Amino acid sequence: MREVFYCSQCEQELTEETAYFMEEEVYCLDCFEELTDTCAERGERIYISENEGTEDTPLCSHCYHHYYTNCNHCDELISLDNAYCEQGIYYCEECYHEKIERKLIHDYGYKPYPVFYGKGGRFFGVELEIDDGGKDYDNAKKILELANEVKEHIYIKEDGSLSDGFEIVSHPMTLDYHKNNMNWQEIMKKAVHMGYYSHQSGTAGLHIHVNRNCFGEYAEEQENAISRVLYFVEMFWNEMLCFSRRTEKQMKQWANRYGRKNSPKETLYHAKDSQNGRYTCVNLNNYETIEFRLFRGTLKYNTFIATLQMVNKICDVAISFSDEELDKLSWNGFVSQLDSEKVPELIQYLKERRLYCNEPVLCEEEM
């Protein structure tokens, strides 16, 4: 007499030939296929309710914990052989590279604690925008490795004004450190080699932050000197426009002027009432710095250093001149007192732009 079984799920009568056994339960074929699946690793049947993998990759508990995990970011099931592990946390390939890219190309609002380089009281933080070469993880990595081989000199951020690039941001450095200790020339060559433009992109700028406390110990001293910075820029607006390599239209969009008033202090008061936000020639909205936003981006080293030297000289004038002395200053008077041995890059650039006592010279193409 044949033994009779009954399905534990639907109670259908079964024979030994039609019964499917699972642990201590018996099932008909339909119920067996509905309730169980095959472990993708061992090939053994498991209850679907106990599947620790996915519908496409069912796994028993043993196989999941020995051979698989889930991506910490997107929760995708991944084999340990294909997982990327960082500090004990596992990622799939796509999320891992996105995570690394987020580390290397930070959000626009990213602002680490500043590290100051060089000896002196005046520091320059550079924001150099480059475009047209890709918002690319590998490119960013190469630039960072080149600049930060010994110390963290720069970091990289997104910038919404760029179509296909990013912004290289330096920690605060003295002018001497920028020129003699930072390998800007190699960084720029690398960027050009990878297909980036700055001046030629039409979108990129070169912004320079200067620490406010270099203008004086007390707030009143700082305000007086900063007012003369603004007055200088407004007084020589046509020359600064030529120096910047921007068009009038670009200036209005990214670095609008405040307008010259009767004195430095009136110009400063007018600037503080401006509704242009940070999109001004000299942005005053930062607590620790003022930001020169006039300049078009560049991947030409001489232009880059000349721009830093120009900002430095404007700061010198703002600190050492009285309001009355500044008001009497002419452009030729300003450039004629420049020391060719100390600022050869600036004088070369002024000649290229026909801003140095009408002495034009031939120059290399801007990048």
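The values are calculated or read from the model by the stated rules, or taken from the named source; none is laboratory data. Note that the structure is predicted; figures quoted are calculated from it, not measured. For neighbour counting, all protein chains shown are included, and Cβ atoms are generated from backbone atoms with ideal geometry for every residue, glycine included. Accessible surface areas use protein heavy atoms only, side chains included; no ligands, DNA or RNA. Shrake-Rupley method; radii C 1.70, N 1.55, O 1.52, S 1.80 Å.
If you work out Kirkwood radius over Cα pairs in Å from the coordinates, which of (i) 21.6; (ii) 25.0; (iii) 23.5 do you get? Given (i) 21.6; (ii) 25.0; (iii) 23.5, the calculated one carries the label (ii). Ligands, DNA and RNA left out, the 1.4 Å accessible surface of the stretch 216-333 is 45% carbon and sulfur atoms. Protection proxy ranking for 323-331, 228-236, 264-272, 61-69, using the average of other Cβ atoms within 10 Å per residue and placing the highest first: 228-236, 264-272, 61-69, 323-331.
Of the chymotrypsin sites (Phe, Trp or Tyr not before Pro) found in the stretch 72-137, the ones in coil according to DSSP and having at most 16 other Cβ atoms within 10 Å of their Cβ are TYR108, TYR110, PHE116.
Charges at C-beta only: +1 for Lys and Arg, -1 for Asp and Glu. How large is the resulting dipole of the chain about its Cα centre, in Debye rounded to 20?
4060
Listed by chain and number, the lysines whose alpha-carbon sits under 20 Å from that of LYS135, ignoring those within fewer than 8 places in the same chain, are LYS99, LYS103, LYS111, LYS157, LYS189, LYS190. In straight-distance terms, cross-link reach from LYS351 covers every one of the lysines whose alpha-carbon lies under 19 Å from its own, apart from those fewer than eight places away in the same chain; here that gives LYS300, LYS313, LYS342. Packing order of peptides 182-193, 309-320, highest average first: 309-320, 182-193 (average count of other Cβ atoms within 10 Å over each peptide's residues). Treating each Cα of the stretch 22-102 as one equal point scatterer and applying the Debye formula with no solvent, the log10 of I(q)/I(0) at q = 0.13, 0.19, 0.27 Å⁻¹ comes out as -0.48, -0.79, -1.22.
Calculated accessible area for the stretch 121-236 comes out at 38 Å² per residue, all protein chains present (probe 1.4 Å; ligands, DNA, RNA ignored). Using just its DSSP H runs of length 4 or more, each adding -39500 (n - 2.57), the chain gives a mean residue ellipticity at 222 nm of -10500 deg cm²/dmol after division by all residues. On the stretch 1-124, 45 percent of the accessible area sits on carbon and sulfur atoms, based on a 1.4 Å probe.
Using a Gaussian network model of the chain whose springs link C-alpha atoms within less than 10 Å, name the residue from SER227, SER340, SER49 with the highest mean-square fluctuation. Of SER227, SER340, SER49, the Gaussian network model singles out SER49 as fluctuating most.
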